[in-house]
Every structure is written in C-alpha cells, then in structure tokens.
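Here the structure comes first, spelled out in structure tokens, and everything after it is commentary.
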Amino acid sequence: MKILFVEDDEMLGKAVHIGLKTEHTVDWVTNAEDAELGMETGQYDLVVLDINLPGMSGLALVQNMRRRGEKIPVLLLTARDTVSHRVEGLDAGADDYLVKPFDFDELLARIRALSRRGQAFNDNYLSHGDIEVNITTKRVTKAGKVVELSRTQFDILKILLKNTDRYFSKSDIEEKIYSWDELIESNTIEVHISALRRKLGKNLIKTARGIGYVVEKTENHTQ
C-alpha cells in the first residue's frame, strides 16, 4: 500500500514514518500544500493526516479532496478528543479518527481496516491461469504451491494483475511502488520483473519495447 503521511511534528512524524515503511511505501510531508502537490503527482491508497497543520488545516485538505471527487480513504490524527471534534472531522470527509497519543499497533490496525473497507470482497483475490493472489495476506500460489515474493515483487505483480491488458512503463511502476526518498537503481524494475518471470512463468509478463510491461488477460482471469 502507498500512503501519504501528513504530519508537521518532526519527532512524531519521523517515528511514524520509519514504522510505516516496514510494511508500506510512504511519502511524508509536513503541510497540506505539499500534500495536495503530492496527490497531483502521485497515486496513493491512503492518507494519514494530522488535523493541526501550519497553513491550511487538515480538515480543509480533506474537504478539498472530497470536492474534487477523490475517494482515497483518510485517517485523521489529532490531539483533540471531544465528540464535536470527531464529528467535525468525519463530516469533513474523513473515514476514521485516531487521537494522540496513540499506540502504533492501533494505527496499523486502523490502516488495515481502512484498506479492507476500501475494497470490495472480491478485490482481495486475483487469479491468472494457475496463479492465485490473496491481496490481504500477500499469499501467492502457483499450481497450489506457495511462491515467496519480496514486497516489491508482490506490488508489481498486483499492479499488473489488477490491470490486465494495460501496459505500464518502468516509470509508471516506479511511481506506484516507491516513495520520493527511495533511491532506485536504473535496472531495479527489470530485475524484479525477471524474478517474477523466474518464479511464476517466463510468459506471464510480456514486454513491448518502448511501451512497457503487461499481463494479458486470460479466460479465467479474475480481479
């Protein structure tokens, strides 16, 4: 999952950023203006957002997102713990609310819950030929046998299986699975594609020179 994390408190922001990066791809910004710019240039699955930000408030950011028709789930973080404040945040368009200080495990649990809520049940499962993928548990099997993938390999596979017959360039994939502060070698995507072909079949992912990578739809493909 790719998360946009918006928090201006340096100590809290750094701790949460490091923690989230163990399981997710995370871009951390410290104000709402940079968050809006990030959403213009990147694609996110979830926004974790502090309400009290310098300049534009977190509530105003959520309202702007909803006015634009953006349906990205939003988890608000705030030190204000009253019913009226919670109602205000939810009415602004947020999906959940977590009061500071919070336990990091609870933050992770709420992120998982929002991820599940944002998907239809069938979206948790993908299949292509004899390959089956459980998105929630990240379990991949081929002909009934479990195949171990790295996080990056799994993310690439999910993108291609959820968008069969659509070509993705190397830069398209990099934008979807890496955060801004990650250093990416020029051949990193090619290395992961090669590994996926080795583990799941050399004909699974096709390459069109100058266009990108694609998994072609089969009769029994589901998503």
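For the chain, what does the helix formula give at 222 nm: sum of -39500 (n - 2.57) over DSSP H segments with n ≥ 4, over the residue count, nearest 500 deg cm²/dmol? Don't skip to the end; give the middle numbers.
Details: 8 runs with 88 residues, N = 223.
Here the helix-only value at 222 nm equals -12000 deg cm²/dmol.
Give the long-range amide H neighbours of residue 72: residues separated by 5 or more places, or on another chain, with amide H under 5 Å away, using H modelled in the peptide plane at 1.01 Å from N.
Result for residue 72 returns nothing.
State which entries of 100/158; 138/199; 170/199; 100/162; 138/162 exceed 24 angstrom in Cα-Cα distance in the structure shown. Let's see the in-between values first.
On the way: 100/158 34 Å; 138/199 15 Å; 170/199 20 Å; 100/162 36 Å; 138/162 14 Å.
Where the Cα-Cα span goes over 24 Å, the pairs concerned are 100/158; 100/162.
Find out how many positive minus negative residues lie around residue 11, taking Lys and Arg as positive, Asp and Glu as negative, among other residues whose Cβ is under 15 Å from that of residue 11.
Numbers: positive: 14, 100; negative: 7, 8, 9, 10, 50.
It works out to a net charge of -3.
Could you line up 84, 179 from fewest to most neighbouring Cβ atoms inside 10 Å? It would help to have the intermediate numbers written out before the result.
Values: 84 8, 179 18.
Arranged by neighbour count, lowest to highest, 84, 179 become 84, 179.
In the chain, what % of DSSP beta bridges are antiparallel (nearest 5)? Show your work: numbers first, answer last.
Working: 15 of 32 bridges.
For the chain, the DSSP antiparallel bridge percentage is about 45.
How large is the translational diffusion coefficient of the range 122-214 in µm² per second when you combine the Kirkwood radius over alpha carbon pairs with Stokes-Einstein at 37 °C and 0.692 mPa s? Let's see the in-between values first.
Details: Rh = 13.7 Å.
Value of D from the Cα-based Kirkwood radius: 240 µm²/s.
When the distances between all Cα atoms of the range 1-137 are binned every 5 Å from zero, what whole-number percent does each bin get?
Percent of Cα pairs in each bin: 2, 9, 20, 23, 21, 13, 6, 3, 2, 1, 0.
No value in this document is a laboratory result; all are computed from the given coordinates. Everything numeric in this text was worked out from a predicted model, so none of it was measured. When we count neighbours, we look across all protein chains shown, and the Cβ atoms used for this are built from the backbone with ideal geometry, even at glycine.
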